[in-house]
Amino acid sequence: MSAFIPQAVIWKKREGQRLSEEELRAFVAGASDGSIPDYQVAAMLMAIFFRGLDGGELAVWADAMLRSGDVIDLSSVDRPRVDKHSTGGVGDKISLPLAPAVAACGAAVPMVSGRGLGHTGGTLDKLESIPGFRVDLTVEQFVDQVRRLGVCLIGQTARVAPADRRLYALRDVTATVESIPLIASSIMSKKLAEGIDALVLDCKVGDGAFMDSRADAVQLARAIQAIGAAASVKVTAVLTNMDAPIGRTVGNAIEVQESIDVLRGGGPADTRELTVTLGAEMLALSGVARDVPDGRARMEKVLADGSALELFRKVVEAQGGDARVVDRPEEVLPQAARRTPVPAPESGTVRALSARQIGMAALMLGAGRRRVEDRIDPSAGIQIQAQVGERIERGEPVAYLLTSRASDEEIDAARDMVTGAFQFGAAMSAPQSALVLEVLR
């Protein structure tokens, strides 16, 4: 290619023209090493936001982001390598029981996870509520643990997809976060860097999701599948309902405790079902199971016989955490200094429960970050006493607010949010919305 001129490439995309592989790779390289200034990178992001990237452009853009850093070499791991990615939800603690359960079935699960974003929770924040648990392992430590235990859960290292770090920061301040090509390439540049053979995407749809439209969720899933196909990585997308929170806990330490309940063979029905469903897809896609029904049977077995729980214990211990959490979570995990009931304003059946409002209330209590520099209160969160379809009497608690740091004003604001999240009415004649909306293979 002749001399690279960033503004010429920006102009082409702004005008809706197709960019060449050389232009795309040069632009991502310049964004990664800082040779292209912020204002030009921001202009390109806005051009992509409005004009999009076609399938070929998207595959190259994602691959260039991937190649901006290290691709982890897991060739020494003698198991099929599969991961799960969630697009973000409220009460979404599924990675915690899922990863050790799938590994206990014989797959390798090299999981690079993220932190909470807005009203949604993050796997890393939940894991760090376990005293001593480290998510900042080196790539070498990550590979060694996957080889030994079959599973490791860490955060993105400085060496993995550094282009994504800069692009994401600029998307956040230029109102271009919602671009499907940019979301898809951001997700896949990090997931492909794990060295996986297969990926199951948990694409959330509804009130508490970033994708509140099913059509948009399908479009995102197909974009991610296209990037995977170009990289020879198999992707199954499971569209799941995010209108109501998952399980009965929203927070960090309390979600760890609910995850341990699932690993013990119990836990709320929806938390357990989503764990088994996604695990079955992971096992079938990776070839560990013959098919999805066989995968379900294997997942049910490791949750029932304790092998998934024991592997979680080994993971906690290997990553510096207090392994007693598996047996006595209520003694090891941070406990909230204040527990405030939220009384039902009327009697009736819970007809709807807004995941977004519950997530925002948990954020208000300190379970998430309002600013990047905020420190999370690991004990904070919400215990849900009445789920959709359950009857409650006026004055009975529909939820409890947990916090160790929130002010009286913040607790009052959270109580109002939680009260407003519930809608009551007569008993439901029709079943509530399905947890799994669609599976795209």
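Let's see how each residue does on (1) closer than 24 Å to Arg272 by Cβ; (2) touching a Gly at 6+ places or on another chain (Cβ under 7 Å); (3) of a type in the set (Gly, Ala, Ser); (4) not assigned by TED's automatic domain parsing to the domain that holds Leu170:
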position	(1), (2), (3), (4)
Leu58	no, no, no, yes
Ile72	no, yes, no, yes
Ser75	no, no, yes, yes
Lys126	yes, no, no, no
Gln141	no, no, no, no
Val151	yes, no, no, no
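Scanning region 412-441 for residues that are of a type in the set (Ser, Thr, Tyr) and under 30 Å from Met364 (Cβ atoms) gives Thr419, Ser433. For region 327-355, the set of residues classified as in contact with a Lys or Arg (Cβ under 8 Å, 6 or more places away or on another chain) and assigned to a helix (DSSP H, G or I) consists of Glu331, Val332, listed by residue number. Of the strands (runs of 3 or more DSSP E) lying entirely inside region 194-282, none contains at least 3 residues that are under 25 Å from Ala386 (Cβ atoms) and acidic (Asp, Glu). Please verify whether Arg159 is among the charged types (D, E, K, R), surrounded by fewer than 24 Cβ atoms within 10 Å (Cβ to Cβ), in a loop (DSSP other than H, G, I, E, B) and more than 16 Å from the chain's Cα centre (by Cα), treating the condition exactly as stated. When the stated conditions are applied, Arg159 passes them. Taken together, the criteria exclude Asp164 from residues that are without any contact (Cβ under 8 Å) to a residue 40 or more places away in the chain and in a helix (DSSP H, G or I).
Annotation: Pro378 fulfils all but one of (1) within 23 Å of the chain's Cα centre (by Cα); (2) over 23 Å from Arg338 (Cα atoms); the unmet one is (2).
Residues considered: Gly266, Gly320. Of these, the only one that is more than 22 Å from Phe133 (Cβ to Cβ) and surrounded by fewer than 16 Cβ atoms within 10 Å (Cβ to Cβ) is Gly266. Candidates in region 400-415 are the residues that are among the charged types (D, E, K, R) and within 27 Å of the chain's Cα centre (by Cα); of these, the one that is farthest from Pro345 (Cα to Cα) is Arg405. Within region 9-43, the residues that satisfy the criterion of being exposed (fewer than 13 other Cβ atoms within 10 Å of the Cβ) and either closer than 12 Å to Arg166 by Cβ or in the same structural domain as Val173 (by TED's automatic domain parsing) (or both) are Asp33, Gly34, Ser35, Pro37. For region 283-300, filtered to residues that are on the phi < 0 side of the Ramachandran plot and part of a loop (DSSP other than H, G, I, E, B), the residue that is surrounded by the most Cβ atoms within 10 Å (Cβ to Cβ) is Ala289.
The values are calculated or read from the model by the stated rules, or taken from the named source; none is laboratory data. As the structure is a prediction and not an experimental result, all values here were calculated from the model. Here the Cβ is made from the backbone with ideal geometry for all residues, glycine too, and neighbour counts use every protein chain on show.
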